[in-house]
Amino acid sequence: MAGTAHTIHGAIKTGKAISAAAKGAAVGGPYGAAAGLVLGAGRHAGKFLAVAAVLLMLPMLFLLMLPSLIFGGLTSSGSSSQPILNDNTAIVQNVNDIAFAVNEVLGEGITDTEARIAQDFATTGGDNYEIVNPYASDMTSNTNSFIAQYCAAKGESWDTISLADMQAILRQGKSNLYSYTRTSETRTVEDDDPDTSDVVETKTETWYIYTLSYNGEGYFADNVFHLTEDQKSLAGDYAQNLSLFLGDGLFQYTEYGGTTIASLGDVRFTDGATEVVYFNQLDERWANKPYGTDNIGGYGCGPTSMSIVVSSLTSDIVDPVEMSEWAYKNGGWCSKSGSYHSLIPSAAKAWGLTVEGCTASEPQRILDALSSGKLVVAIMTKGHFTTGGHFIVLRGVQDGKILVADPASYKRSGKLWDLSIILNEASKGAAAGGPFWIIGAP
């Protein structure tokens, strides 16, 4: 309460800013109010974010620091006369442009790393090499985190924010965006020497295998944007609010203060077409175990969901600890955000399962998959299952409703759910083929 009182006290000192907010509300609803607040606050906008959150209860208030990046300068959008803040199509287009720009830099980073690998191989004396690139089909990144770090680094110089500037800064660190590990093995290959006879002959070669690893947004925070600890904290809040506003489910966090639940033991659900092995991320056996530098209890819904899927569809029982370790080593973990959406198809393929992406506009595919014994992983946003982002498993159909395995709630896992709720609350901006992934046995 003391913090709230201090915030309100700050609001009292900013009558002009609040007046601007009220004026904005009159012409543009809550988004207009938010715009008015920042426009009234001027160069001190950053100091009023907490005030705005209290007065307006808008979780996306940090977006107001990004006028030229997300909102096109808070002006009207395209041929429309309405403010861009109220134009979802324009906002989504801007975010897509940013994601494209980020992915362009990521692709350049992979090219640079491949060049470094070629140089390294030249020193080995080996016969050949191959590159294992887990990101070939879906480059892993948290665009929200890049946006947040960039804007946190700008501080009060929000009027200098632009996509071109952001991309230029990101490029400064592209050469070290990926690391690699190197192993070697002896392979038997066909001898294609043209002087040999028609008999197929073989020879042995020394091959080097290079596996790419994404260094993550933390590298940029420290080495490109050079953020202070306060700026890192601010960037984390920015990224969370952006994810909540866009409904993309990139920020997954379970309300977890270190309080675990008693071990659930070996739980099986048998009321769907497939018997499901259930795990809960808050289970005392692993809630406080690491997921990267985070913990499974707070951030492990992604690997826990895939533990449920893999353990149910294969003969391999994989608990959340093992799956979290795999996710961390294979680029699925996203620091302070949970998991990249690409974790779901990547883990499914790694265990030999079939996987297909599915949209919220294909409900029949979901129902048919569940009826045939397949499982469906869904990334949810604010609603019945989460206040932010959260992976759950759809595990069957009963009486026309959906059975789920919620890795954060055994209680929710025992309820029947209307398909409309799940479709409406699924992420609107999911990556990697989501917001639904239909997964079947090998």
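Here is how the numbers come out for the structure above:
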item	result
Near pairs, Cβ below 7 angstrom, 6+ apart or cross-chain, from the range 205-227 (closer than 12 Å to residue 172 by Cβ and at pLDDT below 90) to any residue that is of a type in the set (Gly, Ala, Ser) and surrounded by 16 or more Cβ atoms within 10 Å (Cβ to Cβ)	219/173; 220/173; 223/173; 224/173
Selected residue [without any contact (Cβ under 8 Å) to a residue 40 or more places away in the chain, closer than 23 Å to residue 267 by Cα and of a type in the set (Lys, Arg)] from 374, 411	411
Pairs with Cβ under 7 Å, 6+ apart, first in the range 131-145 and assigned by TED's automatic domain parsing to the domain that holds residue 238 and crowded, with 17+ Cβ neighbours inside 10 Å, second part of a loop (DSSP other than H, G, I, E, B) and β-branched (Val, Ile, Thr)	none
The range 153-168 residues that are touching a residue at least 40 places away in the same chain (Cβ under 8 Å), paired with ones that are surrounded by 14 or more Cβ atoms within 10 Å (Cβ to Cβ) and among the hydroxyl-bearing types (Ser, Thr, Tyr) (beta carbon under 6 Å, 6 or more apart)	161/68; 162/68; 166/150
So residue 307, is it buried (at least 16 other Cβ atoms within 10 Å of the Cβ), small (Gly, Ala, Ser) and out of contact with any Asp or Glu (no Cβ under 8 Å at 6 or more places or on another chain)	no
Unmet criterion (only one of (1) crowded, with 24+ Cβ neighbours inside 10 Å; (2) touching a helix residue (DSSP H, G or I) at 6+ places or on another chain (Cβ under 9 Å); (3) outside any loop (DSSP other than H, G, I, E, B)) for residue 322	(1)
Residues (surrounded by fewer than 20 Cβ atoms within 10 Å (Cβ to Cβ) and of a type in the set (Ser, Thr, Tyr)) located in the range 345-391	354, 359, 361, 371, 372, 387
Wholly within the range 169-273, strands (runs of 3 or more DSSP E) carrying at least 3 residues that are outside the structural domain of residue 380 (by TED's automatic domain parsing) and not aliphatic (A, V, I, L, M)	178-190, 202-214
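Residue by residue, here is whether (1) out of contact with any Ser or Thr (no Cβ under 8 Å at 6 or more places or on another chain); (2) on the phi > 0 side of the Ramachandran plot; (3) among the acidic types (Asp, Glu) holds:
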{"position": "130", "(1), (2), (3)": "yes, no, yes"}
{"position": "151", "(1), (2), (3)": "yes, no, no"}
{"position": "157", "(1), (2), (3)": "yes, no, no"}
{"position": "166", "(1), (2), (3)": "yes, no, no"}
{"position": "174", "(1), (2), (3)": "yes, no, no"}
{"position": "181", "(1), (2), (3)": "no, no, no"}
{"position": "203", "(1), (2), (3)": "no, no, no"}
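The values are calculated or read from the model by the stated rules, or taken from the named source; none is laboratory data. Predicted model, so just to flag it, every value in this text is computed and none were measured. Glycine gets a Cβ as well: all are built from the backbone with ideal geometry, and neighbour counts include every protein chain shown.
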